[in-house]
Every structure is written in structure tokens, then in C-alpha cells.
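See structure below.
Derivation of every value follows stated rules applied to the coordinates shown; laboratory data play no part. Everything numeric in this text was worked out from a predicted model, so none of it was measured. In this analysis, Cβ positions are derived from the backbone assuming ideal geometry, glycine residues included, and neighbour counts consider all displayed protein chains.
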Amino acid sequence: MTSMRWLSTTRVAVLAILFLFCCSDPAEDEITPPKNEQEEKKKEETSQVDADAALKTFSFTSAKQMTGAVPAVVNSSLLKTNSRDTVYVLPEIKNLIRISHPESRPVKGIYLAVTGSTFYYDIPIDQEEESDTVSVILFEIEPENIEVPYDIPVDITAYDDNGQPIDILERIITVEKPNNNVCDILDDGDTATNDWSRTWQWRWTTLLDQNDQPVRIHAPGMMYYSAQTHSGCCENTVCPAYIVDPNTKIGKWVYDSEFTVDTYYGIVYEEFKFYKNGTFARTTIERQSALDADGTDWCHGVPALKDYIDHVDYFGTHDYSPGDTQIRYATLRSVCADPLGLCGYGSRGGQVTSSCHAMIITAGVEGQKEVRMYTRNYGNAVIVEEDGVTKTIWKD
């Protein structure tokens, strides 16, 4: 009896399958893919969700969200950014993307996408540096529900005045957790060790208005030009001549040559090292030009410029301890080529926020804030494998 019941049930099942097969439309049938295909599809969908979520954490001064893929362009090595591979970012603090380009290929904006995302941003350039060869984009990361730290692989596609893509750059945006008690800004030793293998290297400075919007940006190699008017004398002439105004009886020296020339100034490099014994060492490299009076052709108004590069070393003390949110420091001694030591520019402490790779020092008051960004240059790192994932662990 049991066998009959099993046979009867089996026949009904077979007939039901045949009925469905005969009466259904094969073109509309949903065929279950093999398990490995299901896993790949799920992985792809998850990747898109994660990529879109990461991209939504970005904010810009101005941007349009575009659906789909970025217009195609090949890597041409025409453009360069301020970072080779990784851009270190602290949450809710403005950062820069600086794109270096030939003067003949101006950049109007960029398309920014996260690898695997279903949309991208169209972002106009915020600022063109005075050299006309470096374009600047401001951005900020607001992680919201994404756990920090995390890496964002981004594709940066620059385009010209006609919207034509010029080049594509691939970078990693690493968002780190600030003040994580894992790394602090201090280093072992003192200034006598002269060990610069791990230093804080300056990346940019922004001056903010009362709305926390940048009004001026400084970055390594960014040159600032100013027009200066010079007066002089031609050879074999009575110059300068002292002329007295008959009405006012006031005299002044009058020159027979006058012209305007553009001079420039820029900070090429700056690095800090704060030691655990309460001392610090700082070095800067500045570049500037000045009028060469001896080489100038005064009679024809043809100026000659001299280019100066000043390398200055500073030494002093600081009051920072691990976990502090403020830092103060004072320069006690500086060394430069000038015999009187009259070279170099000032630097002030303030509120400090840091991670293992990034440090932000904010000084000033509302409407006159100065924000300086540094990244740490490590001489050594340890590569470990955790749960099948290779990670780079920097020494603290």
C-alpha cells in the first residue's frame, strides 16, 4: 500500500511538471543560474551599493549628479594630481584635489566616480592657480552611516572648456578616524638625531571666511604674483633730478625711467617633526623673485629678475601631549643663508586633529580661520594579513 501511494504521488508530480512545461512560454521562463553565477551577481550588486554609498559621502562647492558611467577616455599621463596614489582625508574637513595640466589644455571641471558606482559627479573647477597650470577642486567627506576608516577608489576624469574628457586619474581616498588613540603626532628622539624619515609634510593651507568658505588657498609650489613699479635712471643723464614745485615749495626726486614688473613668491616645501621630549624641528623651502637692478636695462625699460630659494631650519619647543586637542609651539632658533637670520615665515599652533596619516591645525577666530593640512611620511611600514586581507600597518 505504501508503494502504491508513493507511485501515485510520483505520477501526479510528473504530470504536473509536464503540464507546466507544455503550457509555459520558454522565452519567459526564469532559469535559476548556477551557484557561482548567483554569487558573482550578488557580489556585483553589493559592490554597486557600497560604491554608491561611498560616493554619496562626498560634498563639493558645486556639483551635478549624473546617472550612468563617466564618458570614456584613456589614460594619457597628461595630467597629474597632488598625490600619487592615496589622498588621506579626515571626516568633515575640507580637502583639495589639485590637478596639474599644460597651459595649452585648460581644465574646466572633473567627472568623479567611485569604482563600480551607478552614477558620478560633474564638478566645475573651484579655482585656477595664478600659474594657469593647476586647477583646484574642494571636497569634503561626511561618512554618516559608513564606518570609518574606509578606502574609496575613485576615477577622476578632467574635461576642457568644451566638456571633452582630457585624461583619467585613478586614486584612493582614504578616510581615517580622527583622534583614534592609535597614533599621535609625536615621534621618538630629539632634534639631535636628525632623523627625517617620518615627518609631517605640509599639503595645503586655506583661509576661511565667516561661513567657513575658503577665500584663499596656499599649497606647495603655488606661486603668487604681484605687480611692482620701479623707477630708475639711464646712464649718462642727470638723474635723478631734484625738482621743486614753485607753488608748494616742496621738492622731490624725479627719475627718467619707470616700468612695472611682476614678481612672485611661493612656499615650495614645509615639514614638521614633533618630538616626545617637548621639542620640534621644522624646515621650509621658499622661492621668490626680486628685481635685479644691475642687470636691468633702465633706458629701454627691460627688467631683469633674480630668483631666490631660501632653505630655513627652525628649532623650538611645544606643549603637546597625546590626546590633546590644542598645540602651542615657539621657535627658539632658526638657521638660513641670511647672516642676520632674516628669512622664513611664521607658523602658529592651534586646534589639532590627527590620525595616523593626516594632521589638521586650525588657528584664528571665526571669519579669519587658517586651516593647515599635513600628511605623515613614514620611512617604514609593516605589511600583515588579517582574515585573508593584506593591510599596511604604519608605525606610530
State the percent of C-alpha pairs, over all pairs in the range 186-394, separated by a distance greater than 22 angstrom.
-> 65
Reduced Cα scattering model of the range 52-175, Debye log10 I(q)/I(0), q = 0.12, 0.21 Å⁻¹ = -0.40, -1.28
Charged-residue dipole, Cβ positions (Lys, Arg, Asp, Glu), the range 186-394 about Cα centre, Debye nearest 20 = 460
Arrange 242, 275 by Cβ neighbour counts within 10 Å, fewest through most, would you?
-> 242, 275
What area, in nm² and to one decimal, does the C-alpha convex hull of the range 271-378 cast on average over all directions?
-> 10.1
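Sort 66, 222, 373, 359 by Cβ crowding within 10 Å, fewest neighbours at the top.
Taking fewest neighbouring Cβ atoms as first place, the list is 66, 222, 373, 359.
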With a 29 Å threshold on alpha-carbon distance, the violating pairs from 64/273; 177/276; 64/94; 94/306 are 64/273; 94/306
Going through the range 65-161, which GluC sites (Glu not before Pro) have at most 16 other Cβ atoms within 10 Å and a DSSP loop state?
-> 92, 103, 130, 144, 147
Loop trypsin sites (Lys or Arg not before Pro), the range 231-286 (other Cβ atoms within 10 Å of the site Cβ: 10 or fewer; DSSP) | 249
